[in-house]
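The values are calculated or read from the model by the stated rules, or taken from the named source; none is laboratory data. A quick note: this is a predicted structure, and the numbers were derived from the prediction, not measured. Cβ placement follows ideal geometry from the backbone for every residue including glycine, while neighbour counts extend to all protein chains displayed. Accessible surface is based on the protein model in full, side chains and every heavy atom, while ligands, DNA and RNA are left aside. Shrake-Rupley method; radii C 1.70, N 1.55, O 1.52, S 1.80 Å.
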Amino acid sequence: MPDRDTDFFAGKKDLFKGLVIEKLETEWTEYPVLHFDMSLVKHLDKEKLNEYLVWQLREYNGKYGLTKNNDAEVNVQLADLIKRAYEQTGWQVVVLIDEYDALLLDVLHEEENLPVLRNVMHNFYSPLKGCDPYLRFVFLTGVTKFAQLSMSGTLNNISNVSMLKPYAAICGITQGEMLEQMHEYIERLAVAQEMTEEETLRKLKEKYDGYHFTWPSPDIYNPFSLLNALERRRIDNYWFGSGMPTYLIEMLRKFKVSPSAIGMKKALSTSFDAPTERMTTIVPLLYQSGYITCL
């Protein structure tokens, strides 16, 4: 999750000068922001996971004077932290959680560890429901959802916007945005590839376009791949080259799917809303991870 999310809710208007949001936002309130990054939580057992969560909370506990609270359970610490931030500032709290499911995906194929670590995370996130009166905004990013952490479980007061039309282009770059804001880079890429601009656009569309998160949906380009191609002036397999996560490899084995058999598969829309632990096909996980696109 970019730091811009934190900066926006912290009321740092100067950082958004010249952007559309500068005109749309009129108040620029400085809300207390709690930002937790779960992307670093990999290959941890229960004890180490609790230590990491305590470490994430420690800075904010110190900021709001809760240093005597560091020995409490992480859910108690989070609940107390949210309430204290609200009381000290007079403003409701913003909670941003980056890659909330990173650890669980890492142990998705481990039948013994998954429920243990899922319970730890379930416990940590549980105050987000009870503290609702003190919260202004809560936003979680992740690849997929888990039964005990989904809208039907602990976080049933949070909406899943992944496949909703108003948010269809929130995590990608549209054709219009690319043409409007990246035209000079496209021209440079065309020169470097010894192609015309039209040929370059067709190649970019062929390689990086094709994500659709609702119907109808604008064509969405993979931002990581597109930006790398424009920066390096070379069209290549950047997303795949960034490394395939272990959980995907293990799930391919579980469903007995070879890489050559991935393309041209069909999946019902209901498959994308099923909890990860109960998947009957690997297609949604590959799609949500960015490794395949859809028509």
Q. Which order do 238, 134, 167, 221 take by accessible area at a 1.4 Å probe, largest first?
A. 167, 134, 238, 221
Q: Identify which of the listed values of mean projected area of the Cα convex hull in nm² was calculated from the structure shown: (i) 17.1; (ii) 14.2; (iii) 35.7.
A: (i)
**Q.** Solvent-accessible surface ranking, highest first, for 171, 131 at 1.4 angstrom
**A.** 171, 131
Q. If you roll a 1.4 Å probe over the heavy atoms of the protein chains, what accessible area per residue do you get for the chain, in Å²?
A. 58
Q. Could you give the angle, 0 to 90 degrees to the nearest 10, between helix 223-232's Cα long axis and the longest principal axis of the Cα atoms of the chain?
A. 60
Q | Accessible surface, 1.4 Å probe, highest first, among residues 159, 39 | A | 159, 39
Q. How much solvent-accessible surface does residue 89 expose, in Å² to the nearest 10, with a 1.4 Å probe and all protein chains in place?
A. 50
Q.
To test your reading of the geometry: what angle, between 0 and 90 degrees and rounded to tens, separates the Cα axis of helix 46-63 from the longest principal axis of the chain?
A. 80
Q: Let me have the 222 nm mean residue ellipticity of the chain computed from DSSP H runs of 4+ only, each contributing -39500 (n - 2.57), with the sum over all residues rounded to the nearest 500.
A: -12000 deg cm²/dmol
Q: Among 88, 133, 32, flag the residue with its Cα farthest along the positive direction of the charge dipole of the stretch 22-141, charges on Cβ as +1 for Lys/Arg and -1 for Asp/Glu.
A: 88
Q. Given a 1.4 Å probe and the protein chains all in place, what does the accessible area of residue 247 round to, in Å² to the nearest 10?
A. 20
**Q.** Proximal lysines to residue 12, defined as alpha-carbon separation beneath 17 angstrom and excluding residues fewer than eight positions away on the same chain
**A.** 23
**Q.** Cα extents of the stretch 17-170 along the three principal axes, largest first (Å)
**A.** 51, 43, 27
Q. What angle, in degrees between 0 and 90 and rounded to the nearest 10, separates the Cα long axis of helix 183-193 from the longest principal axis of the Cα atoms of the chain?
A. 50
Q) Taking a probe of 1.4 angstrom, what is the accessible area of residue 262 in Å², to the nearest 10? A) 30
Q) Given DSSP loops and a limit of at most 16 other Cβ atoms within 10 Å, what is the longest stretch of the chain that contains no such GluC sites (Glu not before Pro)? A) 195-295
Q.
Rounded to the nearest 20 debye, what is the charge dipole size of the stretch 91-228 about its Cα centre when +1 sits on each Lys and Arg Cβ and -1 on each Asp and Glu Cβ?
A. 600
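How compact is the stretch 1-52 by the rule of thumb for globular proteins, expressed as Cα Rg over 2.2 N^0.38 Å?
Numbers: Rg = 16.1 Å, N = 52, 2.2 N^0.38 = 9.9 Å.
Dividing the Cα radius of gyration by 2.2 N^0.38 Å gives 1.63.
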Q.
Using the crude model of +1 on Lys and Arg Cβ and -1 on Asp and Glu Cβ, and no other charge, please compute the dipole size for the chain relative to its Cα centre, in debye to 20.
A. 520
